[in-house]
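The values are calculated or read from the model by the stated rules, or taken from the named source; none is laboratory data. For clarity, every value in this text was computed on a predicted model and none was experimentally measured. As a convention, Cβ positions derive from the backbone with ideal geometry for all residues, glycine included, and neighbour counts pool all protein chains shown.
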Amino acid sequence: MIPEIEEFLAWLRRKSPKSATPLHYGSDLKLFFAWLNKSCLDVKVQDIDAFIEHSLNKGQTIATVNRRLCALRSFYHFLEIQSDDAPRNPVIPKRHFIRKGEHLPRDIEDSILEGLFAVITNVRDRAMFLLMLRCGLRVGEVRNLSLGDLYLEPSFGSLPRLWLHGKGNKQRVVYLSPQALTALQNWLLQRPVTGDDAVFINRFGRRLTVTGIQDRLATCCHKAGIWITCHQFRHTFGRHLTETHTPITSIQKLLGHSWLKSTEVYLHISDPQVQEDYRTAMQEVLSRLPLAEVQP
């Protein structure tokens, strides 16, 4: 790997030791320079244009392309910090970053969830996926969970909880539902004794990776004849809270959103009040304009 990239990744790890950003950025930078086959000192604005076109033609998503642009821009920003003779940053936000538009979160239908959990018999896997579904954990938060983050026997009147190291290395507390608590306790009773303090470990006694967790879900999905992603559990958690009329500010805290606008998207996929208003409106419309049924 290019020495400057190694220094950049080491800098990122010092800034955020628990963050997955160095791993992703390292992969993105390695891919870019392998494709371009130029020194990092010789990259031009036009090279970024060509890379974006190449990535989109290869079927890469807008989110993936933008993340790689972020990696490149951060890398050249690091070079500017390190040296007065650093090259100009070739990534120009207004020119290169692609607008994604607004997309609603994709949740999972309850009937599909029932079919999925019917085939999840592994105690560890059931605990991992219930933490995502009932507590809104991201897959990285499940991966980072350590034994010292568990508070399963709180004082009277308090709920069992977890301390999470979330996105952007921010910490937050989430509470455990009875179902999630039982699943977690069942796994802890079977968890092998190991030197790693990770809650969820692989067969070698080491912390599961994000890819390992995603692979386990893929295996369960194959058995159930469906396909979902880990993050859809989190979206479904948000929908379930919305449907039970949980205050939007509480949902924001439980999901760990910095901005209320991030939480409000869940109102668009399942707002009980909007549904009731629609139902009432349609009843009145039908009373005014009943259309004749046509027999098929």
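Computed quantities for the displayed model
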| quantity | calculated |
| --- | --- |
| Residue satisfying all of: in region 125-146; touching a strand residue (DSSP E or B) at 6+ places or on another chain (Cβ under 8 Å) and farther than 10 Å from Ala180 by Cβ; surrounded by the most Cβ atoms within 10 Å (Cβ to Cβ) among these | Leu145 |
| Enumeration of residues in region 13-41 that are touching a residue at least 24 places away in the same chain (Cβ under 8 Å) and in a helix (DSSP H, G or I) | His24, Tyr25, Gly26, Asp28, Leu29, Lys30, Leu31, Phe32, Phe33, Cys40, Leu41 |
| Looking only at region 147-177, and only at residues there that are without any contact (Cβ under 8 Å) to a residue 40 or more places away in the chain and within 22 Å of the chain's Cα centre (by Cα), the one that is surrounded by the fewest Cβ atoms within 10 Å (Cβ to Cβ) | Gln171 |
| Breaking point among (1) farther than 22 Å from Phe8 by Cβ; (2) out of contact with any helix residue (DSSP H, G or I) (no Cβ under 7 Å at 6 or more places or on another chain); (3) surrounded by 13 or more Cβ atoms within 10 Å (Cβ to Cβ), for Asn57 | (3) |
| Candidate set: region 71-85, residues that are part of a helix (DSSP H, G or I) and free of Cβ contacts under 8 Å to residues at least 12 places away in the same chain; chosen: the one farthest from Arg95 (Cα to Cα) | Ile81 |
| Exclusive hit being of a type in the set (S, T, N, Q) and assigned to a helix (DSSP H, G or I), set Thr280, Thr194, Thr246 | Thr280 |
| Gln214, sole failed condition from (1) touching a residue at least 60 places away in the same chain (Cβ under 8 Å); (2) under 25 Å from Pro160 (Cα atoms); (3) surrounded by fewer than 18 Cβ atoms within 10 Å (Cβ to Cβ) | (2) |
| Residue count, region 221-233 (criterion: touching a helix residue (DSSP H, G or I) at 6+ places or on another chain (Cβ under 6 Å) and part of a helix (DSSP H, G or I)) | 4 |
| Per-region count, region 106-124, residues of a type in the set (A, V, I, L, M, F, W, C) and exposed (fewer than 14 other Cβ atoms within 10 Å of the Cβ) | 1 |
| Options Leu41, Leu29, Leu56: the member that is under 30 Å from His165 (Cα atoms) and either in contact with a strand residue (DSSP E or B) (Cβ under 8 Å, 6 or more places away or on another chain) or not basic (Lys, Arg) (or both) | Leu29 |
| Matching option when the condition is part of a helix (DSSP H, G or I), at pLDDT 85 or above and exposed (fewer than 11 other Cβ atoms within 10 Å of the Cβ), among Leu189, Leu241 | Leu189 |
| Pairs with Cβ under 6 Å, 6+ apart, first in region 178-197 and touching a residue at least 60 places away in the same chain (Cβ under 8 Å), second charged (D, E, K, R) | Ala183/Arg126; Trp187/Arg124 |
| Index of the failed condition, Lys94 passing every other in (1) closer than 30 Å to Glu264 by Cα; (2) part of a loop (DSSP other than H, G, I, E, B); (3) free of Cβ contacts under 8 Å to residues at least 12 places away in the same chain | (2) |
| Condition check for Thr236: touching a Ser or Thr at 6+ places or on another chain (Cβ under 9 Å), surrounded by 13 or more Cβ atoms within 10 Å (Cβ to Cβ) and either assigned to a helix (DSSP H, G or I) or in contact (Cβ under 8 Å) with a residue 12 or more places away in the chain (or both) | no |
| Residue in region 59-77 that is basic (Lys, Arg) and within 30 Å of Thr219 (Cα to Cα) present | yes |
| Count - residues of region 28-43 that are of a type outside the set (A, V, I, L, M) and surrounded by 13 or more Cβ atoms within 10 Å (Cβ to Cβ) | 6 |
| Checking Arg73 against (1) under 24 Å from the mean Cα position of the chain (by Cα); (2) farther than 30 Å from Leu208 by Cα; (3) surrounded by fewer than 16 Cβ atoms within 10 Å (Cβ to Cβ); (4) not small (Gly, Ala, Ser), the condition it does not meet | (3) |
